[in-house]
Amino acid sequence: MAVALGLMAAAPPSADLIVVNGKVYTADASHKMVSALAVRGNRIVATGTDKEIEKLQGAKTRVINAQGHSVLPGFIDSHVHMLAGAEGLEGPNLSGVRNAAQLQKVVGEFIAAHPELTWIRGGGFYADFTRHDLDPVTGDKPVLLMAGDGHSMLANTKAMKLAGITKDTPSPAGGEIAHDPVTGEPTGVFLETAQSLVQRALPVQTTADLERMVREATDEAHKAGVTTIVNVGHPPELAIYDGMRRRGELKLRIHNALWLTPGSPTEFRPGLGFPDVFTFSEQDADVFEGIRRTYPDNELMTVNMVKIMMDGVIESHTAAMLKPYADEPGVGETNYTPAELNRAISMMDRRGWQIMTHALGDRAVRMALDGYQVAETANPAPARGRRHKIEHMESVDPADIPRFAALGVIASFQTAHAGGMNDPQHRGQRWRYLGYERSAWGFPWKSIKDAGGRLALGSDWPVVSLNPGYAMSVALNRLENKPIPDQKLTLTEILDGYTRDGAYTIFEDKRLGSLEVGKLADVVILADDIFAKPPSSGADLVVDQTIFDGQVVYRRDGVADRK
Ligand SMILES: [Zn+2]
Ligand SMILES: [Zn+2]
C-alpha cells in the first residue's frame, strides 16, 4: 500500500498538449535550446528532451510533432494599430498599386464584388493619386483610402461631398486639405490631421462590426505567429476588447496605448486619425484614469500606456532635426515645445502611465530622452519601475545613444521601415535629405543594444505587414555604412526583440516572452528551422501552428499534428 501510494505521488499528471521533435528556442536568460515542451491548461509545465516530455503524455494529451522546425515563444509585436489594420483587411488590397490604371482596376473590381457595402474603405497604396483617379470607377459609392504610410487619405468626390468639403473648407492645424494648384479645388488628398475632416462622414461602426474586425485582425496575427500586441488606438476600442475578454473570445493579448490627445478623449471614434490640437491637461489625464479603472489589467488586456506624437517624417521634411535638412533650410517642427512635452511626460509618469513617444528626427528623439530624464528627476520612481519607450528613431545623434541604457528607455523599432537603408537607390534619397552621416545614423538599433539598451521590435501594422519575415530580414541584412558601426542584428537579438525583451517592455516578463515553466503557453511553430534558414528576403515567415493560451488557434492548411 505504502509503495503504491509512493508510485502514485511520483507519477506526474499528464499534459494537455505536448510539442516534441522541435528546435525549441526557449528565449530564457541563457538562450537554451530544447526539443520539447508540455502544456497544462494555459501554462507551460515542462521543457526538455523528447524522452522527458513524452513521460507527460496521457491518453488525452494532444501531441504535436514539430518535425525539426523552430518552436518559439509567440511573437510580441510592440507597435500595432489594430483597427486600422483590420479596416485594411476588409477593403480592396492596394499594396501592389502603383498607377491610376491599377488603382481603378482593384477598386472597381472590389466595388463590383461587394454591392452590400455603403462605404468603400481600404488603404496601403504608395503613390500620388487624386479623387479624379478614383471617380471613373466608383459611381455613387463614397470611397476613402488610407495611404500606406498612414500620413494621408484619398477620398473620391462622393466621399468629399458627404463630408461637406468644398474649395473654401480651411485646413486644420497640423494638417492640410490638398488643393489643385490650377483650379484651387480640393484634390481629395487629406494630409495628417485633415484626415479627420472626411472621416467624420463615415457611418458609425456597430459593436458587431468592430468585433468582426477584431476577429479578422486576430486571425491575421495568429497566421504571423503574433500572440501579443501593443495596440495604439483610442478609448472606444477598449469596450470591444473588454467585452470579448469577458466572454472568453479575445484570442490576442492586447496592451493598449492611448493617443495623448486633447479635449474629451472619449469623443474619439475608433479608426480616427491624429488629433487636431496637441495639448493634454490634468483634466484629460483624469479622464484617462477613469478609462484605466474601467478596464482592469489582466493577462489578456491592459490599459497602461499613452502615445505622444512628436514629429512627422523625413521624406516630407517634417521630422524634427537638430540641424537643417541637407536639401532644404528648415529643421522640421515638433508638435510640442520642450516645456510642453516635459510637462506632459512628467504628468503621466507621476500618474504611473508608461509612455511611448513617436520620434523620427534626431531632435525629436533628444527631446523625448530629455523629457524622460526630467520626469525621472522630478517624480519618485514608481513601484514597478519605469519602462518608457521611443518609437521609430529614423535619425539619432550618436551622443544620445548611451542615454537609452542610462535612462532605461526602450528603443522600439519597426525594422521593416528601414528597408530603404538596404536599397542603394532609396538610400541615395535619404542621403539627399539628411546627408550621408546623419542618414547612416538612422535606425541605430545595434549601437543602442551594444551600449546596454533594450530593443522592442514590431511592425506598425498596417503601415507594413504583421508578418515579421521581411522586418527580420532587414535587420539581419542591414548594409554597412562605414565609418558608422555596423547595425546588423543577429537572429537571436531579433528574436529576443519579439519575445523576452518585448515582454519586458510591457511589464509582462513574468508571464510572457519565453518558453519556461510557469509562463503562459503562447507558442509558434514555424514551417522551417529559422536558425538554419534565417529570413533573407522579403518573404513572409511561414507559420505551421500558433498556440495561444494553451490552445491551437492557427494551423496552416495541410499541416497535421503527427506524421
Ligand atoms: Zn508612430
Ligand atoms: Zn504607428
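Tabulated results
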| read-out | value |
| --- | --- |
| Residue check, Gly452 over 25 Å from Leu83 (Cα atoms) and at pLDDT 95 or above | yes |
| Criterion (more than 30 Å from the chain's Cα centre (by Cα) and either at positive phi or open to solvent by 50 Å² or more (accessible area, probe 1.4 Å) (or both)) met by exactly one of Asp180, Asp149, Asp128, Asp133 | Asp180 |
| Matching residues in the stretch 232-248 - criterion: being open to solvent by 30 Å² or more (accessible area, probe 1.4 Å), over 13 Å from Leu210 (Cα atoms) and not charged (D, E, K, R) | Gly248 |
| Test: residue in the stretch 479-488 that is in contact with a strand residue (DSSP E or B) (Cβ under 9 Å, 6 or more places away or on another chain) and in a loop (DSSP other than H, G, I, E, B) | no |
| Every pair of residues 6+ apart whose Cβ atoms lie under 6 Å, when the first sits in the stretch 298-322 and is in a strand (DSSP E or B) while the second is more than 16 Å from ligand 1 (Cβ to nearest atom) and among the hydroxyl-bearing types (Ser, Thr, Tyr) | Met301/Tyr241; Val303/Tyr295 |
| Filter pass, Arg511 being open to solvent by 10 Å² or more (accessible area, probe 1.4 Å), closer than 20 Å to Val553 by Cβ and modelled with pLDDT of 95 or more | yes |
| Residues satisfying the stated conditions in the stretch 386-420, i.e. among the charged types (D, E, K, R) and away from ligand 2 (no atom under 16 Å from the Cβ) | Arg386, Arg387, Asp397, Asp400, Arg403 |
| Where a residue in the stretch 392-404 is on the phi > 0 side of the Ramachandran plot and its partner, wherever it lies, is more than 16 Å from ligand 1 (Cβ to nearest atom), with Cβ under 8 Å and at least six apart | Met393/Pro444 |
| Unique match (being open to solvent by 40 Å² or more (accessible area, probe 1.4 Å), hydroxyl-bearing (Ser, Thr, Tyr) and at pLDDT 95 or above) among Thr49, Thr26, Thr61 | Thr49 |
| One residue from Arg215, Arg253 being surrounded by 24 or more Cβ atoms within 10 Å (Cβ to Cβ), more than 16 Å from ligand 2 (Cβ to nearest atom) and either modelled with pLDDT of 95 or more or over 23 Å from Phe413 (Cβ atoms) (or both) | Arg253 |
| Check on Thr138, in contact (Cβ under 8 Å) with a residue 40 or more places away in the chain and among the hydroxyl-bearing types (Ser, Thr, Tyr) | no |
| Qualifying position, being within 16 Å of ligand 2 (Cβ to nearest atom) and under 23 Å from Val97 (Cα atoms), among Ala155, Ala147, Ala159, Ala178 | Ala147 |
| Filter pass, Glu90 being in the same structural domain as Gly188 (by TED's automatic domain parsing), in contact (Cβ under 8 Å) with a residue 40 or more places away in the chain, surrounded by fewer than 21 Cβ atoms within 10 Å (Cβ to Cβ) and of a type outside the set (S, T, N, Q) | yes |
| Count of the stretch 344-360 residues which are among the hydrophobic types (A, V, I, L, M, F, W, C), more than 23 Å from Gly458 (Cβ to Cβ) and part of a loop (DSSP other than H, G, I, E, B) | 0 |
| Residue in the stretch 304-327 that is surrounded by the fewest Cβ atoms within 10 Å (Cβ to Cβ), counting only those that are acidic (Asp, Glu) and within 16 Å of ligand 1 (Cβ to nearest atom) | Glu315 |
| Residue in the stretch 365-382 that is at pLDDT 95 or above, within 16 Å of ligand 1 (Cβ to nearest atom) and not in a helix (DSSP H, G or I) present | no |
| Qualifying position, being free of Cβ contacts under 8 Å to residues at least 24 places away in the same chain and within 23 Å of Trp259 (Cα to Cα), among Arg387, Arg343 | Arg343 |
| Selection within the stretch 352-363 - small (Gly, Ala, Ser) and away from ligand 1 (no atom under 11 Å from the Cβ) | Gly352, Gly361 |
| Residues of the stretch 449-494 that turn out to be among the aliphatic types (A, V, I, L, M), in contact (Cβ under 8 Å) with a residue 60 or more places away in the chain and open to solvent by 20 Å² or more (accessible area, probe 1.4 Å), as a count | 2 |
| Test result for Leu341, away from ligand 2 (no atom under 16 Å from the Cβ), of a type outside the set (Ser, Thr, Tyr), in a loop (DSSP other than H, G, I, E, B) and surrounded by 15 or more Cβ atoms within 10 Å (Cβ to Cβ) | no |
| Selected residue (criterion: most open to solvent (accessible area, probe 1.4 Å)) from residues of the stretch 386-436 that are part of a helix (DSSP H, G or I) and within 16 Å of ligand 1 (Cβ to nearest atom) | His417 |
| Members of the stretch 528-563 found to be more than 17 Å from Lys251 (Cβ to Cβ) and either in contact with a helix residue (DSSP H, G or I) (Cβ under 6 Å, 6 or more places away or on another chain) or small (Gly, Ala, Ser) (or both), listed by number | Ala532, Pro534, Pro535, Ser536, Ser537, Gly538, Ala539, Asp540, Leu541, Gly558, Ala560 |
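One line per residue, one yes/no per condition, for (1) touching a strand residue (DSSP E or B) at 6+ places or on another chain (Cβ under 7 Å); (2) within 16 Å of ligand 2 (Cβ to nearest atom); (3) at pLDDT 95 or above:
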residue	(1), (2), (3)
Val189	yes, no, yes
Glu192	yes, yes, no
Ser196	no, no, no
Val226	yes, yes, yes
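The values are calculated or read from the model by the stated rules, or taken from the named source; none is laboratory data. Predicted, not measured: the structure shown is a model, and the values here were computed from it. Please note: Cβ atoms are built from the backbone with ideal geometry, for glycine as well, and neighbour counts cover all protein chains shown. Note: accessible area is taken over every heavy atom of the protein model, side chains too, but ligands, DNA and RNA are not part of it. Shrake-Rupley method; radii C 1.70, N 1.55, O 1.52, S 1.80 Å.
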